[in-house]
Structure formats: structure tokens, C-alpha cells
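The values are calculated or read from the model by the stated rules, or taken from the named source; none is laboratory data. Source: prediction; values computed, not measured. Note: ideal-geometry Cβ built from the backbone for every residue, glycine included; neighbour counts use all protein chains shown.
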Amino acid sequence: MVEGGELFGELQKRGSFSEEVAGELMVQLLSAVVYCHKHKIVHRDLKPENILLEKTSSDKLSLKVIDFGTAQAFSSCVKLRLTIGTAYYIAPEVLQKNYNEKCDVWSCGVILYILLSGTPPFIGRTDEEIIRSVQKINFTYYSKDW
């Protein structure tokens, strides 16, 4: 049993993470993504709500990627076409219905942005507005958050 809760909950408590802690978390997350991709699995819905935290005895955070309900096996010669994912974290090429496993890497970049700033890079009042911002790659950079 992983008792540390979701990364999303920890982010809400802290507001943001230091560069050191965010870096440690990203090494773990990217290691999990590389493992999946080596085994020809694309997650397609990486987000803080799908990352569980386990607190170790040294107070370091260890993460576990969960919710593979949208995951799919892939082939390097076939593009994926189903638009699936969460608005804040979805890659532009997923919205264009012509993507590969690298869509998970985009989601990791969005997660890192949020870990460091405490805010999402793409904003909107609705999922449709957020998706339009993602399609235009029109992200918000507030210097006060950094």
C-alpha cells in the first residue's frame, strides 16, 4: 500500500517544489516512462493525479505511476490516432490525432512546469479553452511564480 497520497495532493499542500525535489521526482517519472516505452507501452494520461507518492524513511519521495486505463501497446511504425488524455497535459500531436509514445514526454514537461511553479502552463476556464492554448502552444509564464 502506498500511503503518501497523490502527487497532486502533495503539490496542493506545498504550492510548489524546490528544484532539487522536482528533479528527483522527474528522474523517477522519466525512468518509469522509459521503462514503459522500452516495453512498447504508452501511458497517454500522465498527470499528478496518476502518480502516487511513497515516503521513505529518509523523507525522500518515491513515486509510482498508476492508472494505465488509457495505456496502449504501440509499434514504432504505426501512429496513434485516438485523442485521449487530460486537457492540461495532452500533447498537441495527440489533438492532431497523429502521435507516438513521445506524447508521454510532453506530459512530463507539463508536470515539471507545475512542480516548479505551482501553476499549469496552459490555462483556460474550460477544457476547450485549455485545449486551444495547447494547440497554439500558447503557455502562460508568470515571473512571480518563478
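Some notes on this structure:
- Meets criteria (of a type in the set (F, W, Y), surrounded by 19 or more Cβ atoms within 10 Å (Cβ to Cβ), modelled with pLDDT of 95 or more and farther than 16 Å from P48 by Cβ) for Y89: no
- Pick from the range 2-24, criterion assigned to a loop (DSSP other than H, G, I, E, B) and surrounded by 12 or more Cβ atoms within 10 Å (Cβ to Cβ), ranking: modelled with the lowest pLDDT: V2
- Subset tally (residues that are exposed (fewer than 14 other Cβ atoms within 10 Å of the Cβ) and at pLDDT 95 or above) for the range 40-67: 2
- Selected residue (only one of C108, C77 is over 16 Å from I130 (Cβ atoms) and part of a helix (DSSP H, G or I)): C108
- The lone exception for Y113 - which of (1) aromatic (F, W, Y); (2) outside any loop (DSSP other than H, G, I, E, B); (3) over 14 Å from the mean Cα position of the chain (by Cα) it fails: (3)
- In the set (1) touching a helix residue (DSSP H, G or I) at 6+ places or on another chain (Cβ under 7 Å); (2) modelled with pLDDT under 95, the condition left unmet by C103 is number (2).
- From the list L53, L82, L46, the one residue that fits, being under 21 Å from T119 (Cβ atoms) and either more than 17 Å from the chain's Cα centre (by Cα) or not in a loop (DSSP other than H, G, I, E, B) (or both), is L53.
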